[in-house]
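What follows is a single structure, written as structure tokens, with notes after it.
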Amino acid sequence: MKIIVLGAGIVGVTSAYQLAKAGHEVTVVDRQPGPALETSFANAGEVSFGYCSPWAAPGIPMKAMKWLFMKHAPLVLRPKLDMAMLSWMARMLSNCTSERYAINKSRMLRLADYSRIALADLRAETGIAYDERMQGTLQLFRTQQQLEASAKDVKALAADGIPYEVLDRDGCIRFEPALKHVRDKIVGGLLTPKDETGDCFKFTNALAAKAEALGVRFVYGTTIKALDVEAGRVRGVITDRERMSAEAVVVALGSYSPLLLNPLGIRLPVYPVKGYSLTIPITEASRAPESTVMDETYKIAITRLGDRIRVGGMAEISGYTNDLGLARRSTLEHSVTDLFPGGDVSKASFWSGLRPMTPDGTPVIGATKVAGLFLNTGHGTLGWTMSTGSARLIGDLVSGGQPEIDVRDLAISRYG
């Protein structure tokens, strides 16, 4: 088929590559001058097959109230008269129950583990290099209360057969030797050893080149105006340059997906939640992390990417704004210097991106009520983690094949 993929981030490019492998004629359209220049550009670098949890969790409403008064808060809320924001927040709050958390986390783990296999296959197939490491994620607890609260995550990991290890202080230091300098600040951790790290920007660009070699056409610097739909079937895409025809269209526009779908009466509950990152050159390797350390107190990931450290995290709900708040930089600097003192944060580059979050934390993958129109979006903080598995699924669904895992509860129909 002739297929258009909208979006050249990690999800769009992996989708295009998979569809081209299946023999389709694929065109990717993006407003940026190249791949992975928005949310995929400088994310935290985690490929978190085991450490993946919904933001909507029991106790989050109470924690959120406390966070609003913290100097270095993991959550920043800037409410406005925006019905999409208010509706999304209400739906998210409705998912903050033990029952919903268990369902949503199980979905996420299923897709993440499938992506683990897909990424390993893709790496073997292409030989792509992207500062990758396969050494796991350490969720680091500074308090006994945090350690005890991890029991719900341990239960979910065990139920889905995901390897894990609960570590005491000495165990954390054995895993990340640089933590010996701050041993009195930690009480323990939860290790998910199958997790990986890597530079999403490098990966996406390398895979885009592989996709081009398969015949994928990339159309950059082009604004998508509307979907061309006739008699209940998608016929193509209208851009600021031309009308492009297609037999199928895959929407992988992240936070901007709902804006394109609204005129068709497709209500996609995806809303932007801004994250921030610092990229810091390593000046003393013995004081740097070996893999990813997730600072549970501030919800910040500190990740080794070759000769750099990527410090990423936080959740700012403020709409479609992408300004760089200096207070957010201060929080990132505080977390990394508190756990890994000695680095020179003055040399760091500061970045922000809009994560496409669903109220339940699970992406939306599958067909819509418009024939030939498919969605692969809403991955939140886990687009890099879930991209390769999501691409395989969308490849099967668009081609009319049978996906290898259950996808029924990933579709937009779960929202009614």
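The values are calculated or read from the model by the stated rules, or taken from the named source; none is laboratory data. Not measured: the values here are computed from a predicted model. Positions of Cβ are generated from backbone atoms using ideal geometry, with glycine treated the same way; all protein chains shown enter the neighbour counts. Ligands, DNA and RNA are excluded from the accessible area calculation, which covers all protein heavy atoms including side chains. Shrake-Rupley method; radii C 1.70, N 1.55, O 1.52, S 1.80 Å.
Key figures for this structure:
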{"item": "Failed condition for G378, given (1) of a type outside the set (V, I, T); (2) open to solvent by 10 Å² or more (accessible area, probe 1.4 Å); (3) farther than 22 Å from G232 by Cα", "result": "(2)"}
{"item": "Hits in the range 41-51 (condition: open to solvent by 10 Å² or more (accessible area, probe 1.4 Å) and not in a strand (DSSP E or B))", "result": "F41, N43, A44, Y51"}
{"item": "Evaluation of L138 against (1) closer than 15 Å to F203 by Cβ; (2) touching a Leu at 6+ places or on another chain (Cβ under 7 Å) (one fails), failing number", "result": "(1)"}
{"item": "Qualifying residue in the range 300-309 (condition: open to solvent by 10 Å² or more (accessible area, probe 1.4 Å) and either on the phi > 0 side of the Ramachandran plot or without any contact (Cβ under 8 Å) to a residue 12 or more places away in the chain (or both))", "result": "yes"}
{"item": "Output for the range 176-194, where each listed residue is under 25 Å from the mean Cα position of the chain (by Cα) and either small (G, A, S) or closer than 19 Å to T143 by Cβ (or both)", "result": "E176, G189, L190, L191"}
{"item": "Of residues in the range 184-204 being in a helix (DSSP H, G or I) and in contact (Cβ under 8 Å) with a residue 24 or more places away in the chain, the one farthest from L37 (Cα to Cα)", "result": "K185"}
{"item": "Selection from the range 105-120 of residues that are of a type in the set (K, R) and either open to solvent by less than 40 Å² (accessible area, probe 1.4 Å) or without any contact (Cβ under 8 Å) to a residue 40 or more places away in the chain (or both)", "result": "K105, R107"}
{"item": "Test: residue in the range 389-412 that is within 20 Å of K105 (Cβ to Cβ), of a type in the set (G, A, S), buried (at least 21 other Cβ atoms within 10 Å of the Cβ) and in contact with a Leu (Cβ under 8 Å, 6 or more places away or on another chain)", "result": "yes"}
{"item": "Odd one out for R91 among (1) over 19 Å from the mean Cα position of the chain (by Cα); (2) under 15 Å from G361 (Cβ atoms); (3) open to solvent by less than 40 Å² (accessible area, probe 1.4 Å)", "result": "(3)"}
{"item": "K274 being under 15 Å from the mean Cα position of the chain (by Cα), modelled with pLDDT under 95 and of a type in the set (D, E, K, R)", "result": "no"}
{"item": "Residue in the range 251-268 that is surrounded by fewer than 23 Cβ atoms within 10 Å (Cβ to Cβ), closer than 24 Å to E176 by Cβ and not aliphatic (A, V, I, L, M) present", "result": "no"}
{"item": "Among residues of the range 236-250, those that are in contact with a Gly (Cβ under 8 Å, 6 or more places away or on another chain) and either at pLDDT below 95 or surrounded by 14 or more Cβ atoms within 10 Å (Cβ to Cβ) (or both), counted", "result": "6"}
{"item": "Subset tally (residues that are assigned to a strand (DSSP E or B) and either out of contact with any Leu (no Cβ under 7 Å at 6 or more places or on another chain) or within 14 Å of E242 (Cβ to Cβ) (or both)) for the range 214-231", "result": "8"}
{"item": "Filter result for the condition that a residue is within 27 Å of L191 (Cβ to Cβ) and surrounded by 23 or more Cβ atoms within 10 Å (Cβ to Cβ), over P54, P58", "result": "P54"}
{"item": "Filtered residue count, the range 323-374, keeping only those that are open to solvent by 10 Å² or more (accessible area, probe 1.4 Å), assigned to a strand (DSSP E or B) and free of Cβ contacts under 8 Å to residues at least 60 places away in the same chain", "result": "1"}
{"item": "When residues of the range 15-35 are limited to those that are in a helix (DSSP H, G or I) and touching a strand residue (DSSP E or B) at 6+ places or on another chain (Cβ under 9 Å), the one nearest to L375 (Cα to Cα)", "result": "S15"}
{"item": "Elements of type helices (runs of 4 or more DSSP H) contained in the range 128-183, each with 3 or more residues being surrounded by 17 or more Cβ atoms within 10 Å (Cβ to Cβ)", "result": "151-159, 169-175"}
{"item": "Which listed residue, of R142, R123, R78, R100, is touching a residue at least 60 places away in the same chain (Cβ under 8 Å) and closer than 30 Å to D406 by Cα", "result": "R100"}
{"item": "Close pairs from the range 3-18: first farther than 16 Å from R31 by Cα, partner in a strand (DSSP E or B), Cβ under 6 Å, at least 6 apart", "result": "I3/V26; I3/A248; S15/V5; S15/V250; S15/N376; A16/V5; A16/V26; A16/V28"}
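To keep it simple, each residue is scored yes or no on (1) over 13 Å from V28 (Cα atoms); (2) free of Cβ contacts under 8 Å to residues at least 12 places away in the same chain; (3) of a type in the set (V, I, T).
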| position | (1), (2), (3) |
| --- | --- |
| V166 | yes, no, yes |
| V182 | yes, no, yes |
| E212 | no, yes, no |
| A252 | no, no, no |
| L259 | yes, yes, no |
